[in-house]
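A short write-up of the structure that comes next.
The values are calculated or read from the model by the stated rules, or taken from the named source; none is laboratory data. Fair warning: this is a prediction, and the values are worked out from it, not measured in the lab. Virtual Cβ from ideal backbone geometry, glycine too; neighbours counted across all protein chains shown. Just so you know, the surface numbers come from the protein's heavy atoms only, side chains and all, with ligands and any DNA or RNA stripped out. Shrake-Rupley method; radii C 1.70, N 1.55, O 1.52, S 1.80 Å.
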Amino acid sequence: MRRIDRRTFIRTALRTGAVASAGGAGLLLRGCSKGPDLDLIIAGGTVYDGTGGPPFEGDVGIAGGVIRAVGRLGRLRAAAVIDASGLAVSPGFIDIHDHTAEGLLVNPKAESAVRQGVTTLVSGQCGDSPFPLTDEAFEKTRLALAAEYGLDVTWKDAAGFLARVEAAGSAVNYGTFVGHGSVRAAAMGFRDRVASPVELERMKAYVAEAMDGGALGLSSGLQYTPGSFAPTEELIELCRVAARTGGVYATHMRDEEAGILEAVDEALRIAKESPIRLQISHLKVGRAANWPKFPALLERLERARATGVDFRCDRYPYIASSTSLNLVFPLWAREGTTEDFLGRLRDPALQDRLRAEIKAKETELGSWAKVLISSVATDGNRDLEGMNIVEASAKGGQTPFEFMKDLLIEETGRVGMIMFAMSEDHLKTLLAHPLVGVGSDGSAVAPYGPLGKGKPHPRLYGTFPRALGKYVREEKVCALEEMVRKITSMPAGHLGFVRRGRLRAGWAADVCVFDPARIADRATFADPAVYPVGIEQVVVNGQVVIDRGEHTGRLPGRVLRKNERGDVA
């Protein structure tokens, strides 16, 4: 490969806009007298830089984990070259809504995520984070993770957990919220009551501690206990603590079905009164009877945008949700600990009341055939994974109520479900909306090892290729450059990431090379643990982690922490 001198290269770079780093042209080269100029050149691709602007033909030059130049790079020498002719080159994808926690310590290769083109996971969502841990919770967590994964728990707070992830290494970048449910449980347990002034101060101290430890903000899961028991005013007070250092409030709202409009009003009120930047998680209207509320939902969001509320939303590109089977039972039954919940399921005096509640739930849903069992904890019930409730209950000669109750008792509450309850038309409208990005609502797993159990939602393996393949290429909900913006620079900017989310000189070298004509998800509800096609290379902090669809085993990911200025670096 022919070399060009430094002056010619810089002149070419300036002409093409390649030189953009604050340090000037001198940062672009490691020297021309000996050795390669760059560690890696991604050459000849169609560059989607993450801004949403039109793509252009060009090269991306990388050295020291940083993008050094973007444009026509002439004949610079590099230690390695990726020929991206005919392929798209974009920033690595940011999964704005992820649930990976201790699993990243179990398998740091983050297979299901990075093979989708994801280079950054944003976790600690829906009010649940692996911290803070009281002494009692630490001991329970230690015993549970040792038994299930052979994992040694060494942390109690955000700083400790992030340090553990950093020491273990990861294929992807990782940041996390602190969960409101975890904070409330640590401060006052799982009971349905208003916090005392002392307990509220304790919660505020936990949030402040997490923010000091690098958390991105506060998340809530207001359909789950104990977060569901918190009044709006409690959330406002805690968000004010997170907002002091530029934190974001990410919320699984209090209701995503009949009470969706009131739940959105609450989320927007919290954002305005804190004030804090808002991320509405997995935005949807569940169950057909509630679908007519969708236009009013959009109207509320537009009105909030017009009045200056700083918010974004995310959505996974599927019409089925996934959560715990516990959630089909009423909130009063789920109050307290898991043992409290299971005790109510066993209580003869409560059977008629529970049966009536489950019958009402069936009427709302239409049929229990719309609910699949996605995971169980024990091998004895493994054959139920992938069955719907009607099939599974008939297999045992039980009613759906008796089946679900008995299964939850046998599995000590650890049963996952997938529920089909959303509108395809709504999904397309949301994916086209300029303030709605994409989040998997999944976690990094693999088809092998201890994270390979169950039949999880296919979003764990297919979210981002599905958004780019089915919904951009096939359904044409928006232009490719716009979808790239929604999964790169938009979440990066909203969260306060420093120099991530765009292909620009001086920014972190997180890059995805994919084939727009071929990219597609292959995971299905019947066979979910299948990697996508069309992802050719994934580069994380300048190192190739996925090469021609295969994992290289490298772990160059970094822990991303919020600092006192509100930046995430």
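Tell me the label only: which of (i) 1.10; (ii) 0.95; (iii) 0.98 is Rg/Rh (Cα atoms, Kirkwood Rh) as calculated from this structure?
Given (i) 1.10; (ii) 0.95; (iii) 0.98, the calculated one carries the label (iii).
Cα-based Rg (one decimal) and Dmax (whole number) for the stretch 181-238, in Å?
Reported Rg and Dmax, both Å: 10.6, 30.
Using a Förster distance of 30 angstrom, determine the FRET efficiency expected from the C-beta separation of VAL530 and GLU233, and round it to 0.05.
Computed FRET efficiency for VAL530 and GLU233 comes out at 0.05.
About the Cα centre, and with charges only on the beta carbon of Lys, Arg (+1) and Asp, Glu (-1), how big is the dipole of the chain? Nearest 20 debye, please.
Taking the Cα centre of the chain as origin, the dipole is about 2380 debye.
Between ARG77 and ARG346, what is the spin-label point distance in nm, taking each point 7 Å from the Cα along the Cα→C-beta axis?
Output for this residue pair reads 7.4 nm.
Just subtract the alpha-carbon distance of ASP383 and ARG300 from 0.36 nm times their residue separation and send over the number in nm, one decimal.
Working: separation 83, 0.36 × 83 = 29.88 nm, distance 4.43 nm.
Answer, rounded to one decimal: 25.5 nm.
Highest mean first, what order results for 407-414, 482-489, 65-72 on Cβ atoms within 10 Å? Numbers along the way, then the final one.
On the way: 407-414: 17.5, 482-489: 25.2, 65-72: 23.8.
So the order, starting with the most tightly packed, is 482-489, 65-72, 407-414.
Ratio of alpha-carbon Rg to the 2.2 N^0.38 Å globular estimate for the stretch 430-543, to two decimals, please. Don't skip to the end; give the middle numbers.
Numbers: Rg = 14.8 Å, N = 114, 2.2 N^0.38 = 13.3 Å.
Cα Rg divided by the expected 2.2 N^0.38 Å: 1.11.
For the stretch 94-176, with only Lys/Arg (+1) and Asp/Glu (-1) charged at the beta-carbon, what is the dipole magnitude about the Cα centre, in debye rounded to 20?
Around 220 debye, computed over the stretch 94-176.
Could you tell me what percent of the DSSP beta bridges with both partners in the stretch 58-197 are antiparallel, to the nearest 5? Write down the numbers at each step before the final one.
Working: 5 of 12 bridges.
Percent antiparallel among DSSP bridges in the stretch 58-197 is about 40.
Zone of ASP192 (label point 7 Å along Cα→Cβ, backbone N under 16 Å): which residues in the stretch 207-251?
Label zone hits: 222-232.
Per-residue counts of other Cβ atoms within 10 Å, averaged by peptide: what ranking do you get for 471-478, 346-353, highest first?
471-478, 346-353
In what sequence, highest mean first, do 161-174, 238-251, 256-269 appear when ranked by Cβ atoms within 10 angstrom?
238-251, 161-174, 256-269
What accessible area per residue, rounded to a whole number of Å², is obtained for the chain using a probe radius of 1.4 Å?
Details: 21190 Å² over 569 residues.
Per residue, the chain has an accessible area of 37 Å².
Ignoring any ligand, DNA or RNA, what whole percent of the accessible area of the stretch 90-194 comes from carbon and sulfur when the probe is 1.4 angstrom?
50
Considering Cα pairs under 8 angstrom that are at least six residues apart, work out the relative contact order of the stretch 182-278 and quote it in whole percent. List each step's numbers first, then the result.
On the way: 137 pairs, mean separation 26.5, N = 97.
Worked out over the stretch 182-278, it gives 27 percent.
Could I have the simple spin-label model distance between GLU339 and ALA569, label points 7 Å from Cα toward Cβ, reported in nm to one decimal?
The two pseudo-label positions are separated by 4.8 nm.
Roughly how many debye, to the nearest 20, is the charge dipole of the stretch 325-454 about its Cα centre, given +1 on each Lys and Arg Cβ, -1 on each Asp and Glu Cβ, and no other charges?
The dipole magnitude comes to about 80 debye.
Got a sec? Charge dipole of the chain, +1 on Cβ for Lys and Arg, -1 for Asp and Glu; which of VAL198, VAL472, ALA263 is way out at the positive end?
The residue sitting farthest along the positive end of the dipole is VAL472.
Determine the gain in length on full extension of the stretch ARG522-GLU482; use 0.36 nm per residue of separation and subtract their C-alpha separation, reporting nm with one decimal.
Full-extension gain reported as 12.1 nm.
For the chain, what proportion of DSSP beta bridges, expressed in % and rounded to the nearest 5, is antiparallel?
Antiparallel bridges make up about 50 percent of those DSSP assigns within the chain.
Suppose R0 equals 25 Å. What FRET efficiency, 1/(1 + (r/R0)^6) with r the Cβ-Cβ distance, do ASP515 and LYS453 give to the nearest 0.05?
0.20
Hey, how many Å between the Cα centroid of the stretch 367-403 and the Cα centroid of the stretch 102-160?
About 28 Å separates the Cα centre of the stretch 367-403 from the one of the stretch 102-160.
Using a probe of 1.4 angstrom, how much of the accessible area of the stretch 325-381 is carbon and sulfur, in percent?
50
Which one, ALA171, ALA144, VAL540, projects farthest toward the positive side of the charge dipole computed for the chain from Cβ point charges (K/R +1, D/E -1)?
VAL540
Which one of THR323, THR51, ALA158 has its Cα pushed farthest toward the positive end of the charge dipole of the chain, where Lys and Arg give +1 and Asp and Glu give -1 at the Cβ?
The listed residue farthest towards the positive side: THR51.
Give me the distance in nm between label points sitting 7 Å out from Cα along the Cα-to-Cβ direction at LYS359 and GLU424, one decimal.
Simple spin-label model gives 3.5 nm for this pair.
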